[in-house]
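As structure tokens, the structure follows; a few thoughts come after it.
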Amino acid sequence: MEISPQTLFTGQQLLWLPACGSTNAEAQRLLGENRASEGCTVATGYQTAGRGQRGNHWHAAADENLTLSVVWMPTFLAAGQQFLLSQAVALAVHDWAAARLGPSPALRLKWPNDLYYGAQKMGGILIENALSGTQIQHSIVGIGLNVNQLAFEMPTATSLAALTGRAYGLGPLAAHLLECLERRYLQLRAGQVGALRRDYLQVLYRYQEPHAYEVAGQRVHGQIVGVGEDGRLAVEIGGAVRWFGLQEIRHA
């Protein structure tokens, strides 16, 4: 697949694999061999052992979607600022989708960083950070986006093609994604964290809306009121704000 992004460094070193187990694992291998420069990108047509959040498997049909991993060196971020990188990547994915679906109120980021249209998932992100002391040494940003796939194992999944009724060339879409990623990464590197946090909340799924959630096996009703610097979700339940990590709350 031809991928030619108009970027400074993201995707300029590119490894295309017709198939592989995990693009994150391939990126890690390149790092371990000192063969990955900043922005190094591993992309594949078919990922057989993709991983998602919460240890889930990421299912994607062969040669129908975007599956890639980007290596960055955000040494300017402290270990406690990892969620800033997550926000920047999620916003880049949202920017990419909005360019094709428009600024629709249905297009949202589900905490912490899944791409949703309505109540259906379009894509997911898995970021693996390596620390050196108190700073991030490198990050492997894995992204899977549903593009041309129309049949899914889960009824809660959708794709660009399903939403628009047309098929897409994957090369240009991958190039644009890398451009969106670099734009948001440079915004983060420039210290524009306030703008990133604001933009993230503006497109956060169910933000400031009353909904049901599952907490410790119990169904509760609450309202998302924010996200902490450490990435924990702030939910107002029964008049009190409670903070939750990734494994501690689920959308019901």
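The translational diffusion coefficient of the chain, from Stokes-Einstein at 4 °C and 1.567 mPa s with a Kirkwood hydrodynamic radius over alpha carbon pairs, comes to 70 µm²/s. For the chain, a Gaussian network of Cα nodes joined below 10 Å ranks ALA216, ALA90, ALA157 by mean-square fluctuation, and the top entry is ALA216.
Residues of the stretch 118-153 falling in the label zone of ALA167, defined by backbone nitrogen less than 11 Å from a point 7 Å along Cα to beta-carbon, are 148-149.
Per-atom-type breakdown for the chain gives carbon and sulfur 49% of the accessible area (1.4 Å probe, protein chains only). Farthest toward the positive end of the dipole of the chain, out of LEU160, SER139, ALA252, is the Cα of ALA252, where the dipole comes from beta carbon charges about the Cα centre. Helical content alone sets the calculated 222 nm signal of the chain at -8000 deg cm²/dmol, taking -39,500 (n - 2.57) per DSSP H segment of four or more residues and averaging over every residue. Just add up the charged neighbours of GLN87: K/R +1, D/E -1, any other residue whose Cβ is under 15 Å from the Cβ of GLN87. Charge balance in the 15 Å sphere: +3.
Only Cα pairs within less than 10 Å get springs; with that Gaussian network setup on the chain, which residue of GLU236, GLU214, GLU128 has the largest fluctuation? Highest fluctuation of the listed residues: GLU214.
Which of LEU15, LEU178, LEU66 ends up with the largest GNM mean-square fluctuation for the chain, with Cα atoms connected below 10 Å? Residue with maximal mean-square fluctuation among LEU15, LEU178, LEU66: LEU15.
Normalised by the number of residues in the stretch 80-181, the average gap of Cα pairs under 8 Å and 6 or more apart makes the relative contact order 23 percent.
Compute the projected area of the convex hull of the Cα atoms of the stretch 59-131, averaged over all viewing directions, and report it in nm² to one decimal place. Dividing the Cα hull surface by four gives the mean projection, 5.9 nm². Taking all protein chains together, MET154, MET122, MET1 sort by accessible area into MET154, MET1, MET122, largest first [probe 1.4 Å].
Projecting the alpha carbon convex hull of the stretch 1-45 along each direction and taking the average yields 3.0 nm².
Taking only the C-alpha atoms of the stretch 114-236, Rg followed by Dmax gives 17.3, 49 Å. Just so you know, the Cα atoms of the stretch 91-179 work out to an Rg and Dmax of 14.5, 49 Å. Projecting the alpha carbon convex hull of the stretch 116-163 along each direction and taking the average yields 4.4 nm². Kindly list the residues of the stretch 138-179 that lie in the label zone of ALA190, defined by a backbone N under 20 Å from the point 7 Å along the Cα-to-C-beta vector. Residues 176-179 fall inside that zone. Using a probe of 1.4 angstrom and keeping all protein chains present, the accessible surface of the chain works out to 44 square angstrom per residue.
The values are calculated or read from the model by the stated rules, or taken from the named source; none is laboratory data. Given the structure is predicted, the values throughout are model-derived calculations rather than measurements. Glycine gets a Cβ as well: all are built from the backbone with ideal geometry, and neighbour counts include every protein chain shown. Ligands, DNA and RNA are stripped out before the accessible areas are found, and what is left, the full protein with its side chains, is counted by its heavy atoms. Shrake-Rupley method; radii C 1.70, N 1.55, O 1.52, S 1.80 Å.
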